[in-house]
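Working notes, beginning with the structure itself.
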């Protein structure tokens, strides 16, 4: 399977380096065009209808997110290429988008391309990029969507439907409003960082809760938190002050 690709990167040296890496290490990818801005990137997408774009996030006169918002129907996969930015990386992780950090590591490039190939072969229809754009346009954080990786695929849920998360070794069990649960292939630490700005609080080494669904607090050394689904979550003594401050 040959993937038609476009590189959108404002720095010429970075474009040429990435194009050379792709030619040498990714034989299943054919670069059909390069672009140096949102405008030229959009024109290249409309002309070539690529399977994949390598998209720099920070560019003059707009960024990679702006470009995706201007594409009427995203029918390609996106691999973001970015210098580390907490905001950008958090947004990408939220939608489970593919990204590689600058300076480009060849192994990361190959891994990202392999993930894209697997996605195209399964006809998963660029879900990650579409959800990323939807989240960027949605100012209500609790109404945003998060892509949760499963052993056999992924599940898309709204933040407001997550009541709590519980650690299970290197996995995380998600508990939802409709009283179902799902085992997710990521650690609780990953979701603690990802959901920190979305009213989630780590209240115990094994528990992350959505503050919106706290129903009752029972005093104790740490205490017990009763959630909207009537589940009881232990509150660590060292988390008690931070927890109570959310309700003061």
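Structural remarks
- From the list 50, 60, the one residue that fits, being surrounded by 17 or more Cβ atoms within 10 Å (Cβ to Cβ) and either in the same structural domain as residue 87 (by TED's automatic domain parsing) or closer than 23 Å to residue 115 by Cα (or both), is 50.
- Single match in 184, 163, 173, 211 (criterion: under 25 Å from residue 95 (Cα atoms), without any contact (Cβ under 8 Å) to a residue 12 or more places away in the chain and outside the structural domain of residue 90 (by TED's automatic domain parsing)): 173
- When residues in region 206-230 are screened for being on the phi < 0 side of the Ramachandran plot, surrounded by 13 or more Cβ atoms within 10 Å (Cβ to Cβ) and in contact with a strand residue (DSSP E or B) (Cβ under 7 Å, 6 or more places away or on another chain), 16 of them pass.
- Inside region 203-213, residues that are over 17 Å from residue 176 (Cα atoms) and assigned to a strand (DSSP E or B) make up a count of 2.
- Count of residues meeting criterion [part of a loop (DSSP other than H, G, I, E, B) and either farther than 15 Å from residue 9 by Cβ or at pLDDT 95 or above (or both)] in region 48-89: 11
- Meets criteria (in contact with a strand residue (DSSP E or B) (Cβ under 6 Å, 6 or more places away or on another chain), at pLDDT 90 or above and closer than 28 Å to residue 195 by Cβ) for residue 112: yes
The values are calculated or read from the model by the stated rules, or taken from the named source; none is laboratory data. Worth saying up front: this structure is predicted, and the values here are computed from it rather than measured. Note that each Cβ is placed from the backbone with ideal geometry, even for glycine, and that neighbours are counted across all protein chains shown.
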